[in-house]
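The values are calculated or read from the model by the stated rules, or taken from the named source; none is laboratory data. Worth saying up front: this structure is predicted, and the values here are computed from it rather than measured. Here the Cβ positions follow ideal geometry from the backbone for every residue, glycine too, while neighbour counts run over all protein chains shown. These accessible areas exclude ligands, DNA and RNA; they are computed on the full protein's heavy atoms, side chains included. Shrake-Rupley method; radii C 1.70, N 1.55, O 1.52, S 1.80 Å.
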Amino acid sequence: MVEHYEHQFISFINAEMEQDLAHDVNHVLRVVKTAKSLCEIEGAKLEVVLPAAYLHDCFSFPKNHPDRARSSFFASQKALDFLAAINYPSEYHSDIGHAIIAHSYSAKVHPQTIEAQIVQDADRLDALGAIGIARCLQVSTGLGVGLYDPEDPFCDVRAPNDRVNTVDHFYTKLLNIAETMNTKSAKEEADKRTAFMKQYLAQLGAEI
C-alpha cells in the first residue's frame with residue numbers, strides 16, 4: 001500500500017526540500033534504500049519507515065544556523081501536514097513524526113520504536129564510508145572550513161575543532177557513529193564503513 005505514495009513523496013521533496021550539497025535528493029534516496037533493507041531484516045512497519053525516510057529532511061536549517069538542532073522538529077510537523085493533505089493513513093502519523101524527529105544526530109532524541117531506530121540508522125550510515133567522506137568535504141567546503149591542521153592533522157595532542165579543520169570532524173563525530181547504531185545489521189555495516197574511513201585517514205597521513 002505505502003509504495004503507492006512514493007511518487008507523491010518524491011514530488012514533495014523535490015518541490016519543498018531545502019537542499020544543500022550534502023543533503024539533496026540523492027541523500028534521501030540512499031537513506032530510503034538503506035531503510036527499506038533494514039525494515040525487511042528487522043520486520044518493521046514499512047508504512048512508518050518509508051514516509052519517514054523520504055521526508056526526514058523536508059525541512060532543515062543551514063548547518064551553521066543557531067536553531068540547527070531543532071530542524072527535525074520542524075521537518076516532522078511539515079511532513080505530517082503533507083501526509084494529512086494527501087490522506088495518508090492517520091494511524092501511522094504519530095510514529096512517522098517521532099521517527100523524523102529522532103533521526104537527527106543533533107536533536108539528541110532517543111528512538112522509541114524499531115521504525116525510528118531504522119530511520120536513524122539509515123541516515124547515520126549515509127555519514128560513513130566513501131559517501132560519508134565526500135559529504136563531509138562538501139559541507140566543510142561550503143562553510144569555508146580548512147582541510148587539516150598542519151601541526152597536528154589527526155588530533156594527537158590537541159582537542160579536535162571541526163569548525164576550523166575538516167579532518168577534525170572525523171574525531172568529533174564520524175568515527176563515533178558506529179557505536180550509536182541501534183540495529184545489528186546497521187552496526188555491522190557501520191563498522192565496515194568506519195574501517196574504510198580509518199584507511200582513508202591513514203592514506204591521508206602518508207601523503208601529507
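Residues that are open to solvent by 60 Å² or more (accessible area, probe 1.4 Å) and not small (G, A, S) within the range 159-186 comprise N161, R163, V164, Y171, N176, E179, K184, listed in sequence order.
Results for (1) touching a helix residue (DSSP H, G or I) at 6+ places or on another chain (Cβ under 9 Å); (2) crowded, with 22+ Cβ neighbours inside 10 Å; (3) polar (S, T, N, Q); (4) more than 20 Å from E18 (Cα to Cα), shown as yes or no for each residue.
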residue	(1), (2), (3), (4)
A107	yes, no, no, no
P111	yes, no, no, yes
G142	no, no, no, no
F154	yes, no, no, yes
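Among the residues of the range 43-64, not a single one is open to solvent by 20 Å² or more (accessible area, probe 1.4 Å), part of a helix (DSSP H, G or I) and farther than 22 Å from S185 by Cα. If T141 satisfies every condition in (1) closer than 21 Å to C39 by Cβ; (2) at pLDDT below 95 but one, which is the exception? Among (1) closer than 21 Å to C39 by Cβ; (2) at pLDDT below 95, the lone unmet condition for T141 is (1). Scanning the range 17-42 for residues that are surrounded by fewer than 15 Cβ atoms within 10 Å (Cβ to Cβ), closer than 24 Å to M1 by Cα and either acidic (D, E) or not assigned by the TED database to the domain that holds H98 (or both) turns up just one, E40.
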